[in-house]
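What follows is calculated from the coordinates using simple rules that are stated; it is not laboratory data. This one's a predicted model, so the numbers in the text were calculated from it and none came from an experiment. Quick reminder, even Gly has a Cβ in these numbers, built from the backbone with ideal geometry, and neighbours come from all protein chains shown.
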């Protein structure tokens, strides 16, 4: 199983989502994928992906086997996911994986309402059972996170990525430069024991140059 970078994860999630929720729009063109990846609802974090990034990611996804170009769909190229072939999962499994790809780590209770729109109407207990099956696979598809501050349920995250999703910049949120104090003044150390001698030598040279210049003028 080839890992997915952050853009590839978003594309695969969008392809699954649209296939399950609006099948009339599936397979999807590059332009439709740009809109789907940059969608403002049901996405976390928000992204601002350009067309050339989608095109490059689609080429990579085809090489990795996660997506395929659909022939005979007119002049505009369209694409479908191949997650079923890669992971051997059904539509209910796809709904859970798509939500984790589109919104990041989530608890079964939160997933319950979100996967329902994709046809998975399981209870939180049933969804957690799915997640535990995913976690028991080799290699595992998900892992359970430690309970965070003020959290009542432990969240699960997918393991389909290459780690780049952990270091992404959220669209519209500039990365602040670290606040730095004034640079400390250089202090002579044992590494420069001849500093005073060098300064004295320079002062002597300057004085000599001044005498040479004044000599002709005085004469």
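Below, the figures for the structure above:
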read-out	value
Order of 59, 118, 28 under a 10 Å beta carbon neighbour criterion, fewest first	59, 118, 28
For the stretch 1-47 versus the stretch 124-147, the gap between their alpha-carbon centres in whole angstrom	22
Contact order normalised by residue count of the stretch 6-167, Cα under 8 Å, 6+ apart, percent	22
Proxy reagent accessibility, fewest Cβ within 10 Å first, across 141, 15, 33, 147	147, 141, 33, 15
For 34, 14, 76, 86, order by how many other beta-carbon atoms lie within 10 Å, fewest first	76, 86, 34, 14
Convex hull volume per residue for the stretch 6-167, taking Cα atoms only, in Å³	118
